[in-house]
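Report on one structure; see the data block that follows.
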Amino acid sequence: MIHADQITGLILAGGRAQRMGGIDKGLIPFHGKPLIELAIARLQSQVDSIIINANRNITKYAAYGYPVIMDETPDFSGPLAGFSVGLQVCKTPYLLTSPCDSPLLPIDLASQLASEMESGDYQLVYASSKEPDGKVWAQPVFCLMRSNLQESLEAFLQKGDLKIDRWFKELRSSTVVFDDAQAFANVNTPEELKTLEEASV
């Protein structure tokens, strides 16, 4: 059994948020609380410790009492850059990743992904969501990975590739389909923020 004390949680808050007008998404209020606070609250009980990956407003993020790590590349190269620095500092056998802008993320995310990982000796298991119409969408930034994947990821990034799903294809990976699509709803625009707030009262 993979237990919470074997998992480090990595919250990805390093993006540019261009569709939000460049505002740092983790600090945007959702029902009156910054999105980063909600992400921490949902992850806390699922993991042993939390790391925040951010590239600006470091002091504000550090105020939550968790280590804040920056991408090694200064060009906002996406989630894989966050995964990379997360793996470098991860001291547990597993790393669970989640973006800062999905305030309703599943509180059983770690346990579901861990159960799948154990069932097939996978290196990485990511979440997928099922929409009301039956369509299934990959949610690759929500994933549980073994913390020994640093070399594999570095080699992949050195090729200049930043596509998350292409890296997954190089690994023994699997997915877990969650029925609640709204749990993975993320906030990219002010309109999406308002809609999600209204839907989750």
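The values are calculated or read from the model by the stated rules, or taken from the named source; none is laboratory data. In this text, all values refer to a predicted model and were calculated from it rather than measured experimentally. Reconstructed Cβ throughout: ideal geometry from the backbone, glycine too, with neighbour counts over all protein chains shown.
Among the listed residues L162, L144, identify the single one that is at pLDDT 95 or above and under 18 Å from the mean Cα position of the chain (by Cα). Don't jump to the end; show me each part of the working.
Details: L162 fails: at pLDDT 95 or above.
The conditions single out L144.
Which one of these is under 22 Å from L149 (Cβ atoms), in contact with a Phe, Trp or Tyr (Cβ under 8 Å, 6 or more places away or on another chain) and among the polar types (S, T, N, Q): S102, S98?
On the way: S102 fails: under 22 Å from L149 (Cβ atoms).
Answer to the selection: S98.
For I28, the test of being over 17 Å from L113 (Cα atoms), modelled with pLDDT of 90 or more and out of contact with any Asp or Glu (no Cβ under 6 Å at 6 or more places or on another chain) is failed. Here the range 92-118 is the region considered, the condition is being out of contact with any Pro (no Cβ under 8 Å at 6 or more places or on another chain), of a type in the set (S, T, Y) and modelled with pLDDT of 95 or more, and the residue that is surrounded by the fewest Cβ atoms within 10 Å (Cβ to Cβ) is S115. In the range 125-180, the qualifying residues are those that are among the acidic types (D, E) and either touching a residue at least 60 places away in the same chain (Cβ under 8 Å) or under 19 Å from Y94 (Cβ atoms) (or both), and the one that is surrounded by the fewest Cβ atoms within 10 Å (Cβ to Cβ) is E151. Picking from residues in the range 75-91 that are hydrophobic (A, V, I, L, M, F, W, C) and within 15 Å of G9 (Cβ to Cβ), the one that is surrounded by the most Cβ atoms within 10 Å (Cβ to Cβ) is F83. Annotation note: of L10, L80, the sole residue that is assigned to a strand (DSSP E or B) and at pLDDT 90 or above is L10. Looking across the range 35-71, the residues that are over 24 Å from D5 (Cα atoms) and either in contact (Cβ under 8 Å) with a residue 60 or more places away in the chain or assigned to a helix (DSSP H, G or I) (or both) come down to L35, I58, T59, K60.
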